[in-house]
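None of the figures in this text is laboratory data; all of them are computed from the coordinates on show. None of these values were measured; they are calculated from a predicted model. Every residue, glycine among them, receives a Cβ derived from its backbone with ideal geometry; neighbour counts consider all protein chains shown.
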Amino acid sequence: MVRQMDPALNPGEWVFIRTNTPLPQGIQPLMTFREDEGLTAIMSRDTADTHELTYDLVTAWLTLRVASSLEGVGLTAAVSSALADHGIACNIVAAFTHDHLFVPARDANRALDVLQTLARS
C-alpha cells in the first residue's frame, strides 16, 4: 500500500474544533467524532471563522489515494513514522476507502514531498 499511496494535497485550510453544544445551523463539517469531552469537528478555516469558532491549529489536508482496507496493516505506521522523522506533526483519519492526513499548514508541501519520497522507496 505504501508504494501505491499516491498522496495528494487538497485545497484549503482546515481546523479542528471541539464543542459541547450543537454546531451552528448550516455547518457541514468534513468529519465529526464524539468523545466524552465533546464533539470534535473538522471544517474549513473559513467556516470556523465565519461562525467565530475557536481552534488552535490551522492544517492542510492530504489524502492517500490508495484504496486502503480498514484491516490494512502498516500504512499508518509507515506514514506517521516518515513524517515524524522530519518533525512534521500529523493527525490521521481513516475513512472507509482512503486515509486522510492533517498536518500543520506551514508543513504541507514538505509533508507531500516526504510522502512522495516514501512511496518511491
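Here are the numbers:
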item	result
Unit charges on C-beta of K, R, D, E only; dipole of region 31-121, Debye	440
Among 96, 59, 118 the positive-end extreme of the charge dipole of the chain (Cβ point charges)	118
Tilt relative to the chain, helix 75-85 - C-alpha long axis, 0 to 90 degrees, to 10	90
